[in-house]
1. Along the positive direction of the dipole of the range 110-184 (beta-carbon charges: Lys, Arg +1; Asp, Glu -1; about the Cα centre), which of Thr164, Ser141, Gly174 reaches farthest?
2. For the range 77-117, with all protein chains present and a 1.4 Å probe, just round the carbon and sulfur fraction of the accessible area to a whole percent.
3. Solvent-accessible area per residue for the range 106-235 at a 1.4 Å probe radius, Å²?
4. The range 115-131 to the range 37-92: how many Å between their Cα centroids?
5. Find, among the GluC sites (Glu not before Pro) in the range 102-197, those assigned to loop by DSSP (not H, G, I, E, B) with at most 16 other beta-carbon atoms within 10 angstrom.
6. Let me know the charge dipole size of the range 94-202 about its Cα centre in debye, to the nearest 20, where only the beta-carbon of Lys, Arg (+1) and Asp, Glu (-1) is charged.
7. Rank by packing, highest mean first: peptides 153-162, 226-235, with packing defined as the count of other Cβ atoms within 10 Å averaged across residues.
Amino acid sequence: MKAMEKLRHPCFSPEEEYWLKMDPQTVPASTPLHPDFINNLQRGRYLDVGCGSGRISGQLRDQGHLVVAIDTNQFELSKGISTYPNISFVRTIGEQLPFAENTFDGALLLGVLGGVGVKERQRILGDSVRCVRPSGIVYISEFTRITNPKTLTSDGRSWVNVYTQDQEQTQENGSVIVHNLDGTTRFVAHHFTEKELRGLLLSHSIRPSVCKKMDILSTVSNQTRKSITVWGYKS
């Protein structure tokens, strides 16, 4: 399926603008599928939200699943279409998915919710859940909150101090503002606690059943980071 040519949305947040037009070569580190999840996933039709160039979608397809992959970024989708011709790629907004209710056996959001603001986060997860059938699975994976004050960002600042400095503007602890060279906001990145991710699922009638953590090498800071993955089933 060819990617949709146009996106319909009244306005974009700085985060959405950033993901809409970024170069695939500069994509920050994302999280892999946890092996316990992929090895026990029942055969079905799955929605990969924020698919990028299709890395996770390809893994799902290799396991025999049917996959519909969505993203806002035309450059990444074009790369995915050329790499995975047997996957349906759709260019659309994560909070306005063009699918009927209960269409998929599950939805996967890897490194998606931490790259948008609070309101967009709720809308994207809510519309993803809408598309999943009752008893279907919802999988979210994000980077964990850093609590060690000695752990530094790529530019030598303490992550804990950055959280505190940026909280007044972001209105939530665990979020950091990534700036453009002119000082404007490029996007806000949020790092989650297990309690936050479980709460997100519960707020959308998903029963969290499994929580896992993994070590990941960040392509941005070249440091090992921990990701946290929670999945559960739609009530």
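1. Ranked along the dipole, the leading option is Ser141.
2. Ligands and nucleic acids excluded, carbon and sulfur give 46 percent.
3. Per residue, the range 106-235 has an accessible area of 48 Å².
4. The two parts, judged by their Cα centres, are 19 Å apart.
5. Those that pass, being in a loop and sparsely packed, are Glu172.
6. In total the dipole reaches around 200 debye.
7. Ranking the peptides 153-162, 226-235 by packing returns 226-235, 153-162.
The values are calculated or read from the model by the stated rules, or taken from the named source; none is laboratory data. Bear in mind that the values here come from a model prediction, so they are computed numbers and not experimental data. Glycine also receives a Cβ, built like all others from the backbone with ideal geometry; neighbour counts cover every protein chain displayed. Accessible surface areas use protein heavy atoms only, side chains included; no ligands, DNA or RNA. Shrake-Rupley method; radii C 1.70, N 1.55, O 1.52, S 1.80 Å.
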